[in-house]
Amino acid sequence: MKLRLTTDASDLFLRPGLENADTPLLTIRIHLDTGKKPPPRMDKLTISVSSHETLAFPSGRYEATTLFDWTQEIGEAAGLAIQPNTMYTWQAIFRVSNETDEYHRSQYARRYQKGTVKLTTPGLLRPKTMTLEKNLFFVHQPASDSTFSYSKSESIVADRLGLMLVKAASVHLNLGGYLRVWLDIPTPAPEVQIQQFEVSLLQSIVLRSRSDLKIEEVCPVERLPFLTVKGKEVDVGHWIARLPHDSAARPSSSSVLKRGIITTHSLEFALTYTLTDQPNSTKSKDDSSSRVYRVRWPIEVPSCALRYYSLRLPEYAQDDAAPVPERERDEFVSPNEHTSTEHCVCGQPLDVLLAIEGELVAARLQDEASRGNTPGEDVQPPIVMDEARLKFESGTRTPKTPS
Ligand SMILES: [Zn+2]
């Protein structure tokens, strides 16, 4: 006898903070292949969805909590006589609140969801129970689609460097995605010699105890460099870099007020330079050592699972349409389940992402032309994003991969 547990998708997308968002439905199917010699009947069949959280506070405090464990019993299965060589299928639907906490995996905390099926049949001495589990990923979508379309610049006047312009932009910002970065320093002092330009994602995690509401600890900030340019290369001024992927970083939390795990991010631009000695100057030795100038701003980074042409395939095969590799999820060092699947942005090559960017820009221009606008900043990117996403989801367009 063989038991299987399948879902349409391993990711369940939630929209926290939206008042009139639809309640997401999670459908789980149970398949039972009875084989040649099954037990005579079923006593009980239950299916549950649960969420488990572990917090490893920097101080050494440790908390493990089951956040919920929703169980449904399949009534029609109770007492059912099992026929040999038969395939039975049941399904259970769970209504999941948009406010349900998301999947998390980092150095300081874990939070995961799973589906569990339990089938009890009569045994010789005591009842026999078959148990099967499947990992699920609850993913929070940003409150607004405009989060994906990102562009921010800053101009600063710094000592000796003079005017410094920094810009970052992406048509679809998320973990594992890409970021275009610009740097312009038009008039540095002659003695300035630039050594390095580095862009990092700074990740900050705050843990708030669920059992003692007074306890809150801030974990050490993680600096995740994703673009390093050295020496003369800095003059180029424009680069395309991949953001840290799912194994290295978490998406930003939707709310900084909740309990448990709160993740926030900043972008950091660090310029390392030295001052060469001028012939007629009386500089101290300190002036020739390298200096670092940093520019930082907060950024909200959505999950890598939120790629715009993310397809929710219906179940069509005997096998699970959305398989998830089986891994120990309490383990704090092993790689993430996401890295071995291709369902997220992390698994997409840069040329595919840039091809999609090209299509989105073309769609925007077409959109502006059809409305009789002249191209400009006033066109709202979210509208174009939605159109493009619909086209991808309906399968009428696939991203062109440059040859
Ligand atoms: Zn990913």
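Residues in segment 175-194 that are surrounded by 16 or more Cβ atoms within 10 Å (Cβ to Cβ) and part of a strand (DSSP E or B): how many? Steps first, answer last, please.
The initial filter retains those residues of segment 175-194 that are surrounded by 16 or more Cβ atoms within 10 Å (Cβ to Cβ), namely 175-181, 183, 185, 188, 191-192, 194.
Among the residues that remain, those that are also part of a strand (DSSP E or B) are: 178-181, 183, 192, 194.
Within segment 175-194, residues that are surrounded by 16 or more Cβ atoms within 10 Å (Cβ to Cβ) and part of a strand (DSSP E or B) number 7.
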Can you name the condition, by its number, that residue 178 falls short on among (1) closer than 29 Å to residue 17 by Cα; (2) modelled with pLDDT of 95 or more; (3) within 16 Å of the ligand (Cβ to nearest atom)? (2)
Suppose the filter is outside the structural domain of residue 47 (by TED's automatic domain parsing) and out of contact with any Gly (no Cβ under 7 Å at 6 or more places or on another chain); does residue 157 pass it? yes
If you go through 59, 10, the only one that is surrounded by 14 or more Cβ atoms within 10 Å (Cβ to Cβ) and among the polar types (S, T, N, Q) is 10
For segment 1-38, enumerate the residues that are more than 14 Å from residue 82 (Cβ to Cβ) and among the aliphatic types (A, V, I, L, M). 5, 9, 12, 14, 18, 21, 25, 26, 28
Residue 314 vs. criteria within 16 Å of the ligand (Cβ to nearest atom) and either modelled with pLDDT of 85 or more or over 30 Å from residue 65 (Cβ atoms) (or both): no
One residue from 204, 211 being surrounded by 15 or more Cβ atoms within 10 Å (Cβ to Cβ) and either within 16 Å of the ligand (Cβ to nearest atom) or more than 27 Å from residue 184 (Cβ to Cβ) (or both): 204
Any residue at all in segment 244-251 that's charged (D, E, K, R) and over 17 Å from the mean Cα position of the chain (by Cα)? no
Out of the residues in segment 343-352 meeting the condition of being within 13 Å of the ligand (Cβ to nearest atom) and surrounded by fewer than 21 Cβ atoms within 10 Å (Cβ to Cβ), tell me which one is farthest from residue 170 (Cα to Cα). 343
Kindly indicate whether residue 139 is aliphatic (A, V, I, L, M) and within 16 Å of the ligand (Cβ to nearest atom). yes
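The values are calculated or read from the model by the stated rules, or taken from the named source; none is laboratory data. Quantities reported herein were computed from a predicted structural model and do not represent experimental measurements. When we count neighbours, we look across all protein chains shown, and the Cβ atoms used for this are built from the backbone with ideal geometry, even at glycine.
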